[in-house]
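Notes for the one structure printed next.
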Amino acid sequence: MIAFFRQVLVVTVKDLRAELRTKEAVNASLAFALVILLMFSFAFDPLEETTREISGGLLWIVFAFAGTLVLNRSFAREQPNDCLDALIAAPISGAALFLGKALANYVLVLAVELVALPVFGIFYGVHWTAQFPQLMLVLLLGAWALTVVGTIFSALTVNIRLREVMLPMLTYPILVPALMGAMQLTAGLVNGKPISGDTVSWLKMLIGFDVIFTAVSLVLVETVLVG
Amino acid sequence: MSAVAVDGVWKFYGDYPALRDVRLSAEPGCCLALIGRNGAGKTTLLRIIAGFSRPGRGHVRIFGQEPRETSTRARMGFIGHGISVYDELSALENLILFGKLYSLPDPRRSAMEWLERTGLERVRNGLVREFSRGMRQRLAVARAFLHDPGVLLLDEPFTALDDRAIAVLQRLLREALAARKTIVMSTHQLREALELASHVALLTRGQVSFHGPATPEMVADPGYVYARYGEAG
């Protein structure tokens, strides 16, 4: 088990190091997130009550689109020199490879979210720090849902010519339950309402989604990579 | 027990059979040259032997085990069409990465040793993206040999190599054969391959049309195999 997590860590560090040297995915994702937040702030009057109500949805639309830019690069990064062959040939399980890549993606997606969140707070005039610990919990769970589904489909679409188009087309329909949960929870939290009553069921669903899709991805990744 | 055993392997791309009932074996210490025209199925067969792809029918065994077994993968080295090293990492970082993935006891020491053996020790901290083509290819060779594999699978290993990289690779392959490692290589460059090969397999449209020891006639005239056993023969 220790060897498994050591291999996971090796893959994660490798991906993060490669990304930090090029910054191609993070820069694109961050720029995209900030531009969309700015455009939404012009499109929707931040002082309107309805805007506050849909603010959680707007935020997660931004996270989902920006996150896809990070996730698209995950397995595509392995293509230029056929590096994926070397990883598949190495004596590590598909699960370790998947988990290593997913963790690296998670760090990058969270970094983008954590930069975008204060900007969102400023543009929309919401009290996003009022329920900060709970908001962080939702961000962590929502980001993992996005990451785990995006990473497995990044592996699936790596050899497809139009993978940049295919990845969001495949991931967004599957992510609907997780995004709905994250949106509902975030909308309340950024307006200062804690998770309670009806919203607890959304939280449970988000946790369930994360557990199920992580398990399914770990089981399927070997088939996805080798056929 | 054969080091590599291919038994009745078929591979279909849609309805098209890229490999048809391929049966081959390579014993420890044997160098098998897989030859054939473009599209004959050499790369497909090598990828199945390496475990990158599963056969439609039949099976492959490496020292009696499935290629996808973790312990089998630890005993295989592969050089494909790409160099399979990361442009964003340095030569040393690349080899340490693969050393860790292969659970070598001291990845840094192994990496340094192979950088030295392939003449890359002076540029060990340089990013691969800044390397010349020949240096990148020598690094690919170092990556494949790093974990001292018992079976080496090489897909067109001499294609586009510069003179120095060819010399490095040939020296390492001779040393590997002397240490009773098994080499399976697909190639178009028959002259270089037949200098090393103890056995030859000719693939014709996905089928093995010849499999046997390399003979003096083959070494003297690389076209002999095609003329005698190929479609023209």
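The values are calculated or read from the model by the stated rules, or taken from the named source; none is laboratory data. Here the structure is a predicted model, which means the values were calculated and not measured. We place every Cβ from the backbone using ideal geometry, glycine too, and count neighbours over all the protein chains shown. Heads up: the accessible areas ignore ligands, DNA and RNA and are worked out on the full protein's heavy atoms, side chains in. Shrake-Rupley method; radii C 1.70, N 1.55, O 1.52, S 1.80 Å.
Taking residues in segment A:77-96 that are more than 7 Å from chain B (Cβ to nearest Cβ) and under 14 Å from A:D15 (Cβ atoms), and partners anywhere that are among the aromatic types (F, W, Y) and open to solvent by 10 Å² or more (accessible area, probe 1.4 Å), the pairs with Cβ atoms closer than 6 Å and at least 6 places apart or on different chains are A:A96/A:F4. It is to be established whether one or more residues within segment A:117-126 are assigned to a helix (DSSP H, G or I), surrounded by fewer than 19 Cβ atoms within 10 Å (Cβ to Cβ) and at pLDDT 95 or above. No, that holds for no residue.
Conditions (1) of a type in the set (S, T, N, Q); (2) in contact with a Phe, Trp or Tyr (Cβ under 7 Å, 6 or more places away or on another chain), marked per residue:
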position	(1), (2)
B:A3	no, yes
B:W10	no, no
B:Y16	no, no
B:S25	yes, no
B:P28	no, no
B:L34	no, no
B:R37	no, no
B:K42	no, no
B:A50	no, yes
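Every listed requirement among (1) surrounded by fewer than 24 Cβ atoms within 10 Å (Cβ to Cβ); (2) away from chain B (no Cβ under 13 Å); (3) part of a helix (DSSP H, G or I) is met by A:D45 save one, (3). Identify all residues within segment A:192-227 that are touching a residue at least 40 places away in the same chain (Cβ under 8 Å), open to solvent by less than 50 Å² (accessible area, probe 1.4 Å) and farther than 20 Å from A:G150 by Cα; write none if there are none. Residues satisfying the conditions are A:G192, A:I195, A:L203. Looking at B:G29, B:G39, can you tell me which residue is assigned to a loop (DSSP other than H, G, I, E, B) and farther than 29 Å from A:R77 by Cα? None of the other options fit; the residue is B:G29.
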